[in-house]
Amino acid sequence: MLLWLRSGPGAALRLGVVTSRKVGDAVARNRARRRMREVFRRQRAGLRGEVDVVLIARASLPAAPWNEVVQDFLKLAERAGLAAGGAGAGP
């Protein structure tokens, strides 16, 4: 998973997701999108900043274990300066 940030007027910690055909067939791309939206939804309370977040799926995302997806997102958010601290894996 890759994370890009967009700042500027109107930015408000919103999410955009991108999945190309390299991720797999339509079923795999939809699963990747659902997983990226869900990890963002669960971790949003622990994020800070007035930016829009764009997550880009990699081919390994649909088959990755959920804990790995969460840890990958948290690591990316911390690198980007979005983590407000204390953002756990959640239920």
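The values are calculated or read from the model by the stated rules, or taken from the named source; none is laboratory data. All values reported here derive from a predicted model rather than from experimental measurement. Every residue, glycine among them, receives a Cβ derived from its backbone with ideal geometry; neighbour counts consider all protein chains shown.
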Taking region 1-42 and keeping only residues that are touching a helix residue (DSSP H, G or I) at 6+ places or on another chain (Cβ under 6 Å) and under 14 Å from V69 (Cα atoms), one is left with M1, L3, A32, R35, V39
In region 2-38, anything surrounded by 12 or more Cβ atoms within 10 Å (Cβ to Cβ), part of a helix (DSSP H, G or I) and touching a residue at least 12 places away in the same chain (Cβ under 8 Å) is listed as V23, A28, R29, R31, A32, R33, R35, M36, R37
Which one is modelled with the lowest pLDDT, of the residues in region 35-65 that are in contact with a strand residue (DSSP E or B) (Cβ under 9 Å, 6 or more places away or on another chain), basic (K, R) and within 25 Å of A84 (Cβ to Cβ)? R48
Looking at E68 and the list (1) part of a helix (DSSP H, G or I); (2) touching a strand residue (DSSP E or B) at 6+ places or on another chain (Cβ under 6 Å); (3) surrounded by fewer than 16 Cβ atoms within 10 Å (Cβ to Cβ); (4) not basic (K, R), which single condition is not satisfied? (2)
Hey, A63 surrounded by 13 or more Cβ atoms within 10 Å (Cβ to Cβ) and among the hydrophobic types (A, V, I, L, M, F, W, C) or not: no
Return the pair list, or none, for Cβ contacts closer than 6 Å from residues in region 59-81 that are farther than 16 Å from Q43 by Cβ and in contact (Cβ under 8 Å) with a residue 12 or more places away in the chain to residues that are surrounded by 15 or more Cβ atoms within 10 Å (Cβ to Cβ) and of a type in the set (V, I, T), at least 6 apart or on different chains. A59/V23
